[in-house]
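**Q** Below: one structure in structure tokens.
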Amino acid sequence: MSTTSESETLARYLSDPAHAGVYRLEAARIEAPVESVNEKRGAVAGVEWRRLPAAPYWSREALLDGLAASLAFPDHFGRNWDAAWDCLTELGWGEERALVVLVPAAPADEAAMAAFVELMQDAAEHWAARGHALVTVIVGETPVSAALQTVSEWPLGPGAK
């Protein structure tokens, strides 16, 4: 289990707009950095944690529907990448300085996952320019899929500073 100082370190890291972006995290490493924040969601100031509903396969539709559900997109959401961009750039930011979106591990359509990564990276850059950190953490298996090979590895783990 993570200590409070590790949770605070993680919250500080994630809240910095310079760290906004998309990361991949091996499923075997999920307990330390991810579950500690999820368990203490209300106790970690400055971070809002959202998890896409689990899916057996990440298709374009599953990614869009999961994103819409986890981020409460409006009913008029058009279920396409452009509409997702519109919703992502119109998110309401409360006092939280970071919004972390966790994508659970599942096999994925390579083209759909590549489009999702591009969408989330573009949205992260959009919000970082406005002083907010949007972080997407995609949990995956080893070996890394082609769509995630250019995505940075999750930089934190137990004892990270």
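The values are calculated or read from the model by the stated rules, or taken from the named source; none is laboratory data. In this text, all values refer to a predicted model and were calculated from it rather than measured experimentally. Cβ sites come from the backbone with ideal geometry, for glycine too, and all protein chains shown count toward neighbours.
**Q** Quick one: how many residues across the range 129-150 are at pLDDT 90 or above and either assigned to a loop (DSSP other than H, G, I, E, B) or surrounded by fewer than 18 Cβ atoms within 10 Å (Cβ to Cβ) (or both)?
**A** The qualifying residues number 4.
**Q** Restricting attention to the range 53-74, which residues are farther than 18 Å from E110 by Cβ and not in a helix (DSSP H, G or I)?
**A** P53, A54, A72, F73, P74
**Q** Can you name every residue in the range 88-114 that is surrounded by fewer than 19 Cβ atoms within 10 Å (Cβ to Cβ), under 16 Å from the mean Cα position of the chain (by Cα) and either without any contact (Cβ under 8 Å) to a residue 12 or more places away in the chain or in a helix (DSSP H, G or I) (or both)?
**A** The answer is A114, and nothing else.
**Q** Of the numbered conditions (1) free of Cβ contacts under 8 Å to residues at least 12 places away in the same chain; (2) within 21 Å of Y13 (Cβ to Cβ); (3) not polar (S, T, N, Q), D75 fails exactly one; give the number of that condition.
**A** All conditions are met except number (2).
**Q** In the range 46-66, which residues are at pLDDT below 85 and either loosely packed, with under 14 Cβ neighbours inside 10 Å or at positive phi (or both)?
**A** G46
**Q** Can we say S5 is over 15 Å from the mean Cα position of the chain (by Cα), of a type outside the set (A, V, I, L, M) and at pLDDT below 95?
**A** So S5 fits the description; yes.
**Q** Next up: Do you know which residues across the range 43-52 are under 15 Å from A105 (Cα atoms) and over 12 Å from the mean Cα position of the chain (by Cα)?
**A** In the first step, residues of the range 43-52 are kept if they are under 15 Å from A105 (Cα atoms); the result is 50-52.
Matches in the range 43-52: none.
**Q** Let me ask something else. Which one of these is among the small types (G, A, S), farther than 14 Å from A98 by Cα and either assigned to a helix (DSSP H, G or I) or modelled with pLDDT of 55 or more (or both): A28, A11?
**A** The match here is A28.
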